[in-house]
């Protein structure tokens, strides 16, 4: 049953990717025309980016104020499901990556310290794959994405309580050179 | 140019030399094990003014105590300290309730050679049980002491001792960017750690070859998981698995020719068996679940592994050539990380109890009975001694990772702490080649 669902999702991602690439063949200028159609000049469009709408063309991933600055997604205990609040974060990254087909990203999966280490490597990978699937569905090419799991081996926070564990159950989005 | 520089930095960051480690493992031996047999190990005679490099009788006493089966008499309680059977007054020992007496003496036979003569005496019958001469260089004195402890243990319990063995484990010191990981090998009493790999990236999952000459392990030095096989004598290593995705949980086959391992190259973690001679792969599991942590049965015919195909991690058994997997564990929602006992009759594993504590348990294959033997809360990585009577596992004490040793029925023998930072993932060696 799970295998069938996975292949449906992959098929869906392929369909979306095809759709996106035909859109991507338009130039940046055309995209600006589309946004004007929603009702803004270039200046308004720039403001639009500040509140999370509009295109990311020209937006630097180095900018600490950009929506792309959020690079960590957190997970509930024993879960690899991306929370709906985090989907917006991922959508921002997806739009950047879809608009920049040469850009690549590494998805690093992690878990908290409890339980068996190699099983936790599997859990970390499941979380990274969860994020990967969402990005692919949003039009990011699979060649732009790579995943790695560190399980419990690289905690963000060294601690043995709920607070530490919650901060260690995560996927980090890593742009090379950052 | 950048690639070249990076290669040099990687080589420096991951050093492979077998180096003695300054910071040693310290051992705390627990006190007062109920039911342990009283024994007296009398300080061995030694004539010279200069001290021996190692206190042979103290090592023997510590070994016997650590097994959980013996309670050595403190030296200050001894009424006399004979070094030869002719000097023994058996009444001195009967009044103390000591049934077994170990005496001996060490003599120098050359500039760096010694002869250790020991005798195990039955106090009630007033006669020798075992008597032996063991010769050793200064560097071999500890190994000789462990060998003698093995002889005594075997004479009194009927089982083979496992004191003359080694342990591999992982240490982690520092935090953040200064975090340093090491894989070390020490004597099974924690003495004399040697660093066999050092890295700024994680190291995991050491597994010994059956001849104790090689160790396979997982390294993240290239920012992804890869499995290496390293020769213990030369330090040379080869890469065994670097497929895309996970390369993990290596386990050496009993005949030394294959590794069972976990690969996610086909989409999710599955068990494979790799033949070391040609790196050919046989796929063992096929499920959308996480299948990982394979261990070989001692007869080489099956693998036990962790799978969450039923919702949460449980242990399964499958023929080593592949086929239908049978679920083994049904008690509790989390059973993982198995190690097989050397006689193939039981598994040590990580079990999460109803209170959420992660504890070591022993599962009997014939009866399917699970018995929890450690307290938790975060115990993991159990490893059997080659005589199947003792277990090492990873635990936590005062917020640090430590190793704990216990007899298989759960009596605590020892805690091993690294001087700073954490120690974890113990792997007990097989019997060492003679």
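The values are calculated or read from the model by the stated rules, or taken from the named source; none is laboratory data. Owing to the predicted nature of the structure, the values given are computational and were not obtained by experimental measurement. Counting neighbours? That spans all protein chains shown, and the Cβs are built from the backbone with ideal geometry, glycine included.
Couple of notes before you dig in:
- Test set (1) outside the structural domain of residue B:58 (by TED's automatic domain parsing); (2) surrounded by 22 or more Cβ atoms within 10 Å (Cβ to Cβ) - residue B:153 fails condition number: (1)
- Residues of the stretch B:216-251 that are more than 30 Å from residue A:127 (Cβ to Cβ) and in contact with a strand residue (DSSP E or B) (Cβ under 8 Å, 6 or more places away or on another chain): B:230, B:231, B:232, B:235, B:236, B:237, B:238.
- Test: residue B:244 is assigned by TED's automatic domain parsing to the domain that holds residue B:351 and closer than 23 Å to residue B:370 by Cβ: no
- The stretch B:298-333 - residue that is assigned to a loop (DSSP other than H, G, I, E, B) and in contact with a helix residue (DSSP H, G or I) (Cβ under 9 Å, 6 or more places away or on another chain) and, of those, farthest from residue B:286 (Cα to Cα): B:313
- Filter result (outside any strand (DSSP E or B) and either closer than 22 Å to residue B:167 by Cβ or within 12 Å of chain A (Cβ to nearest Cβ) (or both)) within the stretch B:348-372: B:356, B:357
- Test: residue B:260 is within 14 Å of chain A (Cβ to nearest Cβ), more than 22 Å from residue B:352 (Cα to Cα) and touching a residue at least 40 places away in the same chain (Cβ under 8 Å): yes
- Test: residue in the stretch B:262-269 that is buried (at least 22 other Cβ atoms within 10 Å of the Cβ), closer than 30 Å to residue B:371 by Cα and at pLDDT 95 or above: yes
- Criterion applied to B:347, B:328 was being buried (at least 17 other Cβ atoms within 10 Å of the Cβ), touching a residue at least 40 places away in the same chain (Cβ under 8 Å) and more than 21 Å from residue B:385 (Cβ to Cβ), and the one residue passing it is B:328.
- Unique match (being crowded, with 24+ Cβ neighbours inside 10 Å, more than 18 Å from residue B:308 (Cα to Cα), in contact with a helix residue (DSSP H, G or I) (Cβ under 8 Å, 6 or more places away or on another chain) and at pLDDT 95 or above) among A:140, A:148: A:140
- Residues of the stretch B:185-234 that are in contact with a helix residue (DSSP H, G or I) (Cβ under 9 Å, 6 or more places away or on another chain) and under 29 Å from residue B:142 (Cβ atoms): B:187, B:188, B:189, B:191, B:192, B:198, B:199, B:204, B:205.
- Enumerated strands (runs of 3 or more DSSP E) restricted to the stretch A:104-178, each holding at least 3 residues that are within 12 Å of chain B (Cβ to nearest Cβ): A:105-110, A:145-151
- In this structure, residue A:78 does not qualify as surrounded by fewer than 21 Cβ atoms within 10 Å (Cβ to Cβ), more than 30 Å from residue B:250 (Cβ to Cβ) and within 14 Å of chain B (Cβ to nearest Cβ).
- Flag if residue B:171 is surrounded by fewer than 19 Cβ atoms within 10 Å (Cβ to Cβ) and out of contact with any helix residue (DSSP H, G or I) (no Cβ under 9 Å at 6 or more places or on another chain): no
- Candidates B:375, B:343, B:339 - the one that is under 28 Å from residue B:160 (Cβ atoms) and either away from every other protein chain (no Cβ under 14 Å) or in contact with a helix residue (DSSP H, G or I) (Cβ under 6 Å, 6 or more places away or on another chain) (or both): B:343
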